[in-house]
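Enquirer: Following this message is one structure expressed as structure tokens.
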Amino acid sequence: MCINDTNRRDFFKTAAAAGIAVAGVQALAAPAAAHAQAHSVRLGDKVALTNVRVFDGDRVTTPRTVVVDNGRIGISALGARRIDCAGAVLLPGLIDSHVHLRDVNTLHQLAGSGVTTGLDMACFPPSVVDSLRGLPGLPDIRSAGTPAVAPGSPQSRLPTFPADAVLTGPDQASRFVRARIAEGSDYIKIIIDEPGLTPETIEAVTTAAHSFGKLVMAHATTTAMAERALDADVDMIHHVPLDNALPAEVAARYAATGTVAVPTLTMMEGFAGLGIPGMDYAAAEGSVAALRRAGARILAGTDANSTPGIPVQPPFGSSLHHELELLVRTGLTTLEALRATTSLPARSFGLRDRGVIRPGYRADLLLVDGDPLADITATRAVRRVWVGGVEYSPAT
């Protein structure tokens with residue numbers, strides 16, 4: 001999100017600063033919606049979903065029974081309350097691989113659209129993230145916390161931005177990583193832009209994070225910045241260029257190094273639609289097509305945010321369905337798109353208890369009308385949602 005290169009820096013200065021770094025500053029003060037207030041939690045409810053077709057990661061099965069037992073996928077339907085699903089399709093709860101947390105209403109919006117895991121890509125202070133962890137019946141979250149930025153960057157000018165996240169050289173990398181881990185960051189985020197961190201600093205942060213077993217996320221919005229991220233051996237690159245499509249040789253580097261791509265096409269489409277010279281959504285589409293041809297792993301992420309000052313604000317939850325449609329338009333198959341929001345992000349982020357419907361796994365489930373393997377838009381036809389075994393009323 002927040003495209004911010006040398007030629008267009010002024011336009012995006014405010015948007016980039018707010019969207020990347022302040023996504024959760026006012027989270028605790030924001031009111032919850034009426035839908036959130038009406039949400040009730042029923043823990044330990046044992047349910048047998050009968051006559052349901054299951055997306056098993058490869059295909060949609062014939063009708064069968066899936067048991068939800070104390071928050072997990074169970075085995076025995078004995079004593080369960082039965083729900084006849086009438087042949088509807090059951091998907092693993094969806095995972096959005098790029099959101100910006102704000103408040104508890106963020107989680108309600110995600111859940112209402114069947115998004116049961118939200119992976120935050122910048123939010124501070126740590127108390128905001130802590131307040132959103134482990135809430136029964138609401139999506140599970142992970143967060144990068146505060147990202148590493150360069151002096152002179154839009155983020156560094158924010159009065160509330162932590163000084164220890166503004167890095168002037170590689171010697172500060174280890175201290176930055178230790179501070180984020182102490183705050184509870186699940187992975188480390190680096191902003192690679194102009195003005196940006198030096199290649200040596202990016203590499204030092206990545207090395208330090210890896211030494212602590214943490215994945216590294218890189219914000220990169222041009223081909224040059226993506227190459228800088230690849231040079232540093234980051235684990236994931238978020239966004240794709242809007243000026244020119246990634247060349248085949250750069251896309252091949254993603255695949256060869258195992259670097260994961262999170263294109264955030266919804267955000268790219270939104271910025272391209274602002275009519276700013278030099279921004280062409282076709283470049284983003286071409287980048288994803290190149291990544292797919294190269295065999296790179298692609299995840300679905302929206303850059304959903306509700307940050308004041310950001311000109312593009314994909315809505316939480318519903319925008320993930322749009323992201324899947326955009327991925328299919330670039331050439332991904334419906335199967336690849338579904339995996340991009342279920343099993344692949346679970347695998348990429350080390351979330352070993354979700355992403356597939358399997359006994360013992362979290363009962364994060366989305367029941368939809370229609371077959372999304374035949375038509376990806378069927379994911380929008382949400383009939384019922386379970387988050388950690390708790391049923392959540394879907395958004396209308």
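The values are calculated or read from the model by the stated rules, or taken from the named source; none is laboratory data. These figures come from a predicted structure and were not determined experimentally. Every residue, glycine as well, gets a Cβ built from its backbone with ideal geometry; the counts of neighbours run over all protein chains shown. The protein model used for the area step is the full one, side chains on, heavy atoms only, and it has no ligands, DNA or RNA in it. Shrake-Rupley method; radii C 1.70, N 1.55, O 1.52, S 1.80 Å.
Enquirer: Could you please report the charge total around ALA48, scoring K, R as +1 and D, E as -1 over all other residues with beta-carbon less than 14 angstrom from its beta-carbon?
Expert: On the way: positive: LYS46, ARG64, ARG72, ARG81, ARG82, ARG384; negative: ASP45, ASP69, ASP84, GLU391.
Neighbour charge sum, excluding ALA48 itself: +2.
Enquirer: What is the Cα centroid distance between the stretch 301-366 and the stretch 99-170, reported in whole angstrom?
Expert: Between the Cα centre of the stretch 301-366 and that of the stretch 99-170, the gap is 17 Å.
Enquirer: Between SER153, SER343, SER127, where does the largest GNM mean-square fluctuation fall for the chain, given springs only between Cα atoms within less than 10 Å?
Expert: Per the Cα network of the chain with a 10 Å cutoff, SER127 tops the list.
Enquirer: Nearest 10 degrees, 0 to 90: what angle lies between the long axis of helix 199-211 and the longest principal axis of the chain (Cα atoms)?
Expert: For helix 199-211, the angle is close to 40 degrees.
Enquirer: Averaged over every viewing direction, what's the projected area of the C-alpha convex hull for the stretch 273-352? Give it in nm², one decimal, please. Intermediate values should be presented prior to the final figure.
Expert: Working: hull surface 25.4 nm².
Its Cα hull, projected and averaged over all orientations, spans 6.4 nm².
Enquirer: Among PRO159, PRO311, PRO136, determine the one that fluctuates most according to a GNM of the chain built with springs between C-alpha atoms less than 10 Å apart.
Expert: The residue that fluctuates most here is PRO159.
Enquirer: Ranked highest first by the average count of other Cβ atoms within 10 Å around their residues, in what order do 297-306, 191-200 fall?
Expert: Values: 297-306: 27.3, 191-200: 20.0.
Output ranking for 297-306, 191-200: 297-306, 191-200.
Enquirer: Can you figure out the FRET efficiency of ARG352 with ARG175, using R₀ = 35 Å and their beta-carbon distance, to the nearest 0.05?
Expert: Values: r = 31 Å, r/R0 = 0.87.
That gives a FRET efficiency of 0.70.
Enquirer: Pull out the extension gain between LYS46 and GLU200, defined as 0.36 nm times the separation in residues minus the alpha carbon to alpha carbon distance; nm, one decimal.
Expert: Full extension from LYS46 to GLU200 adds 50.1 nm.
Enquirer: With each pseudo-label sitting 7 Å past Cα toward Cβ, what's the ARG59-ALA381 distance in nm, one decimal?
Expert: 2.1 nm
Enquirer: Multiplying the sequence separation of ALA256 and ALA163 by 0.36 nm and subtracting their Cα-Cα distance, what value in nm do you get?
Expert: Length gained between ALA256 and ALA163: 29.9 nm.
Enquirer: Using a 1.4 Å probe on the protein chains only, how many percent of the accessible area of the chain belongs to carbon and sulfur? Walk me through the intermediate numbers first.
Expert: Working: 7180 of 14200 Å².
It is 51 percent, rounded to a whole number.
Enquirer: Over the chain, with a Gaussian network built from C-alpha contacts below 10 Å, which listed residue (PRO308, PRO139, PRO345) shows the highest mean-square fluctuation?
Expert: PRO308
Enquirer: On a 0 to 90° scale, report how tilted helix 318-329 is relative to the longest principal axis of the chain, with both axes built from alpha carbons and the result rounded to the nearest 10.
Expert: 80 degrees
Enquirer: Return one number: the angle in degrees, 0 to 90 and rounded to the nearest 10, between the long axis of the Cα atoms of helix 281-294 and the longest principal axis of the Cα atoms of the chain.
Expert: Value to nearest ten degrees: 70.
Enquirer: Among 49-55, 72-78, 201-207, how do they line up by average Cβ neighbours within 10 Å per residue, starting with the highest? Don't skip to the answer; put the middle values down first.
Expert: On the way: 49-55: 20.1, 72-78: 15.1, 201-207: 22.9.
Order by mean packing, descending: 201-207, 49-55, 72-78.
Enquirer: Based on the Cβ-Cβ distance from ALA224 to THR333, what FRET efficiency comes out when R0 is 51 Å, to the nearest 0.05?
Expert: With a Förster radius of 51 Å, E is 0.95.
Enquirer: Report, in deg cm²/dmol and to the nearest 500, the calculated mean residue ellipticity at 222 nm for the chain, where each DSSP H run with n ≥ 4 adds -39500 (n - 2.57) and the sum is divided by the residue count.
Expert: -9000 deg cm²/dmol
Enquirer: Could I ask something else about it? What do you get when you divide the Cα radius of gyration of the stretch 50-141 by 2.2 N^0.38 Å, with N the number of residues?
Expert: Output field value: 1.31.
Enquirer: Another question about this same structure. For the chain, what is the accessible area per residue in Å² when the probe is 1.4 Å?
Expert: Roughly 36 Å² per residue, with all protein chains present.
Enquirer: Quick one: if you stick a label point 7 Å off each Cα along the C-beta vector at ASP130 and TYR281, how many nm between them?
Expert: 4.2 nm
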